[in-house]
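A.B. asks: The structure under discussion is supplied below as C-alpha cells; questions concerning it will follow.
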C-alpha cells in the first residue's frame, strides 16, 4: 500500500533537502507547501500584517495538496509531504485527515540549533539553489522559529515519528 511521508521541523532545519532524499529513495513526488505558496501567492503578499493573509492561503494550499496526495496514494504511489505543520494543533488536524483514511504514514522530524538554521536560511536566500522557494527575511525566520513546537510525548506515542539527526542531512 502507498505510504505518505510527512516531514516537519522549524525553518532551516533541512526539511527540503531531506524530502529530496526521500523522494529519490521512494520514487515518490515531493509536495511542498512553500513551493505552492511561492508560486501562487508570494507575488501578492502584503507588506504588513501577513499572518491573517498567510494562514488563509496556507489552509487552501494544504487542502489542495491533500487532494493530490490522496489521488497519488490511490494509484499506489508514495508521497512526500512538506506542509509547514510547525505547531502541534496543525499537525493534529492533519493527523485527523490521515486517521480518517486508515492510511499508514511516517512522520520525520528535523531540527537543528537556531544559529545553524539561521545561517542555512541566509545562505539559501543568497544562493537560491535547489531547495530555494522564496526569500525568508530575518524577521520571518524569527517569527517562524518562535512558532515551532516539536512533537511532545503524547504525539510521539500515537505516531510513527522518526527524529532525523542534523548530521544525516
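A.B. asks: Starting with the fewest neighbours, write out 98, 85 ranked by other beta-carbon atoms found within 10 Å of each beta-carbon. Working shown, then result.
C.D. replies: Working: 98 18, 85 23.
Ordered by Cβ neighbours within 10 Å, fewest first: 98, 85.
A.B. asks: With both partners inside the chain, how many of the DSSP beta bridges are antiparallel, as a percent to the nearest 5?
C.D. replies: Working: 0 of 15 bridges.
The answer is about 0 percent antiparallel.
A.B. asks: Under 10 Å, Cα contacts only: if you run a Gaussian network model on the chain, which one of 105, 30, 123 comes out with the highest mean-square fluctuation?
C.D. replies: Maximum fluctuation in the GNM of the chain, among the listed residues, is at 123.
A.B. asks: Sort 99, 47 by Cβ crowding within 10 Å, fewest neighbours at the top. Intermediate values should be presented prior to the final figure.
C.D. replies: Numbers: 99 11, 47 5.
By the 10 Å Cβ count, ascending, the order reads 47, 99.
A.B. asks: When the helix-only estimate is applied to the chain (DSSP H runs of n ≥ 4, each -39,500 (n - 2.57), divided by the residue count), what is the mean residue ellipticity at 222 nm, nearest 500 deg cm²/dmol? Please list the in-between numbers first.
C.D. replies: Details: 7 runs with 89 residues, N = 169.
My calculation for the chain gives -16500 deg cm²/dmol from helical runs alone.
A.B. asks: Which angle from 0 to 90°, rounded to the nearest 10, does the C-alpha axis of helix 15-26 make with the longest principal axis of the chain?
C.D. replies: 30
A.B. asks: Related question: Relative to the present Cα-Cα distance, how much length would full extension add between residue 25 and residue 102 at 0.36 nm per residue of separation?
C.D. replies: Working: separation 77, 0.36 × 77 = 27.72 nm, distance 2.36 nm.
Full extension of this stretch gives 25.4 nm more.
A.B. asks: Can you give the FRET efficiency for residue 127 and residue 74, using 1/(1 + (r/R0)^6), R0 = 35 Å, r = Cβ-Cβ distance, to the nearest 0.05?
C.D. replies: On the way: r = 37 Å, r/R0 = 1.07.
Step by step, r from the Cβ atoms, then E = 0.40.
A.B. asks: Only Cα pairs within less than 10 Å get springs; with that Gaussian network setup on the chain, which residue of 101, 131, 116 has the largest fluctuation?
C.D. replies: 101
A.B. asks: Still on this structure, please answer the following. Express the C-alpha Rg of region 17-156 as a ratio against the empirical globular expectation 2.2 N^0.38 Å, rounded to two decimals.
C.D. replies: Values: Rg = 15.6 Å, N = 140, 2.2 N^0.38 = 14.4 Å.
Cα-based Rg divided by the globular estimate yields 1.08.
A.B. asks: Within a 10 angstrom radius of the beta carbon, how do 94, 132 rank from fewest other beta carbons to most?
C.D. replies: Values: 94 20, 132 16.
Exposure proxy ranking, most exposed first: 132, 94.
A.B. asks: Given the Cα-Cα distance of residue 60 and residue 147 and 0.36 nm per residue of separation, how much length would full extension add, in nm? Each step should come with its number before you reach the end.
C.D. replies: Values: separation 87, 0.36 × 87 = 31.32 nm, distance 2.00 nm.
Extending this stretch completely gives an extra 29.3 nm.
Rule-based calculations on the coordinates, nothing more; no lab input. Since the model is a prediction, treat every value here as computed from it, not as a measurement. Neighbour counts are summed over all protein chains in view; Cβ atoms, including those assigned to glycine, are modelled from backbone coordinates with ideal geometry.
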